[in-house]
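Asker: Before I ask anything, here is the structure I am working with.
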Amino acid sequence: MKPLGDGHILAKIVRAQRDRLRNAKMRVPEAIVRRMAQTTGPAPSFAAALANPKKVRLIAEIKKASPSKGVFRTAFDVEALARTYSAAGASAISVVTEEDFFQGSVEWISRVRKVSDLPVLRKDFVFEPYQVYETRAVGASAILLIASMLDSDEIASLAALARELSLDALVEVHDEAELDDALAAGAPIIGVNNRDLKTFAVDVETSVRLGAKIPDDRIFVVESGIHARADIDRLLGAGADAFLVGEHLLTSDNPATAIGALL
């Protein structure tokens, strides 16, 4: 794992994750989670959903809270959001499962799968094979790998395990060096997060800049900073293939209307 300064939010999240993983492995040993992952039924393809050329591909996010903004919705209903996103025309659903800082739960993925046929991306801070097995075991279609945390060898290793389990991997980058790591690892789906994880400032110019360096044979996903159709039109012009939108939907009075405006 890449070195992270003690004051970096990622370092704090990783420390909390290590503690949770120790407890999880005591409750359910890795051998059992691996077997569950290998015997879970098929899930819809995340990559195929993002490659559909007939419409704007929106990944609608279910996220209860964030370290910088706190709780997004007081009336938080996982199933209701999943149904709304599906009916409104989203191509996939992202579920933020980190517990300590985002108040999520990996169990939400199973709940989403029961009410929606859309592929589900698990968004979490993944650095161990156990987490990949766990992700497949609950029925997800894809997993997030964050290049700010992982070097290219770690990305390649975790992505290879994901492929073995029929999971797609979305590799998230924030700058040119991280993009180089993602490309070196052979990542077929690259997400550019416009949010600086140190300051939480958002700048869509990050996607415009990095998008010019993403090869055409990769799926280019824009994350964060999308609030209007004009944002999507501009980023389509920069080569974007899909858009992950969370905060804009979660703070909207009517998420379905907000999705309709973006699409």
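Asker: What shape does the range 39-138 take by its C-alpha gyration tensor, where a ≥ b ≥ c are the square roots of the eigenvalues and a/c under 1.5 counts as rounded, a/b above b/c as prolate, and the rest as oblate?
Answerer: Oblate, because a/c is 1.5 or more while a/b does not exceed b/c.
Asker: Percent of accessible area on the chain owned by carbon and sulfur, 1.4 Å probe? Present the calculation step by step, with values, prior to reporting the outcome.
Answerer: Values: 5570 of 11210 Å².
Whole-percent figure for carbon plus sulfur exposure: 50.
Asker: Anyone know which of ASP241, ASP181, ASP217 comes out most mobile in the 10 Å Cα GNM of the chain?
Answerer: Its mean-square fluctuation being the largest, the pick is ASP217.
Asker: How far is it, in nm, from the label point at GLN103 to the one at ALA230 when both lie 7 Å from their Cα along the line to the Cβ?
Answerer: Taking the simple label geometry, GLN103 and ALA230 are separated by 3.2 nm.
Asker: Can you compute the helix-only [θ] at 222 nm over the chain? Use -39500 (n - 2.57) per DSSP H run of at least 4 residues, normalise by all residues, nearest 500 deg cm²/dmol.
Answerer: Per the formula, -12500 deg cm²/dmol.
Asker: As a test of understanding, state the convex hull volume per residue of the range 157-263 from its alpha carbons, in Å³.
Answerer: Considering the Cα atoms of the range 157-263, their hull volume per residue is 118 Å³.
Asker: Mind giving me the nanometre distance, one decimal, between the label points for GLU205 and ALA87, set 7 Å out from Cα along Cα→Cβ?
Answerer: That separation, rounded to one decimal, is 4.1 nm.
Asker: Could you order HIS227, HIS248 so the one with the most accessible surface comes first? Probe is 1.4 Å. Please list the in-between numbers first.
Answerer: On the way: HIS227 105, HIS248 45 Å².
Ranked list, largest accessible area first: HIS227, HIS248.
Asker: While we're looking at this one, here's another question. So for the pair LEU263, LYS198, with labels modelled 7 Å out along Cα→Cβ, what separation do we get in nm?
Answerer: Taking the simple label geometry, LEU263 and LYS198 are separated by 3.9 nm.
Asker: Now, a different point. May I ask you to derive the relative contact order of the range 120-184, considering only C-alpha pairs under 8 Å and at least 6 residues apart, and to give it as an integer percent?
Answerer: RCO, the range 120-184: 34 percent.
Asker: What share of Cα pairs, in percent, lie more than 16 angstrom apart in the range 194-252?
Answerer: More than 16 Å apart: 41 percent of the Cα pairs in the range 194-252.
Asker: Classify the chain from the C-alpha gyration tensor, please: rounded if a/c falls under 1.5, else prolate or oblate depending on whether a/b exceeds b/c.
Answerer: It comes out rounded by the Cα gyration axes.
Asker: Taking springs between alpha-carbon atoms closer than 10 angstrom, which of THR40, THR206, THR74 fluctuates most in the Gaussian network model of the chain?
Answerer: Between THR40, THR206, THR74, it is THR74 that shows the largest mean-square fluctuation.
Asker: Report for the chain the percent antiparallel among DSSP-assigned beta bridges with both residues inside it, nearest 5.
Answerer: 10
Asker: Can I ask one more? Once the convex hull of the alpha carbons of the range 89-177 is built, what does its volume come to per residue, in cubic angstrom?
Answerer: 106
Asker: Which whole-number percent is the relative contact order of the chain (Cα, under 8 Å, 6+ apart)? Don't skip to the answer; put the middle values down first.
Answerer: Numbers: 508 pairs, mean separation 53.1, N = 263.
Relative contact order, the chain: 20 percent.
Asker: Now a separate question. Heavy atoms of the protein only, probe of 1.4 Å, neighbouring chains included. What is the accessible area of SER94 in Å², nearest 10?
Answerer: For SER94, solvent-accessible area is about 0 Å².
Asker: Quick one: the Cα spread of the range 130-220 along its three principal axes, in angstroms, biggest first?
Answerer: If we take the Cα atoms of the range 130-220, the spans are 36, 28, 20 Å.
Asker: Could you do me a favour and compute the accessible area per residue for the chain, 1.4 Å probe, result in Å²?
Answerer: 43
Asker: Here's something else I'd like to know. Taking the Cα atoms of the range 1-89, what is the range of coordinates along each of the three principal axes, in descending order and whole Å?
Answerer: 43, 38, 30
Asker: Give the percent of DSSP beta bridges with both residues in the range 152-263 that are antiparallel, rounded to the nearest 5.
Answerer: Of those bridges, close to 10 percent are antiparallel.
Asker: Can you give the FRET efficiency for GLU164 and ASP253, using 1/(1 + (r/R0)^6), R0 = 45 Å, r = Cβ-Cβ distance, to the nearest 0.05?
Answerer: 0.55
The values are calculated or read from the model by the stated rules, or taken from the named source; none is laboratory data. In this text the structure is predicted, and so the values were computed from the model without any measurement. Positions of Cβ are backbone-derived with ideal geometry, glycine not excepted, and every protein chain shown enters the neighbour counts. What goes into the accessible areas is simple: the full protein's heavy atoms, side chains included, and nothing from ligands, DNA or RNA. Shrake-Rupley method; radii C 1.70, N 1.55, O 1.52, S 1.80 Å.
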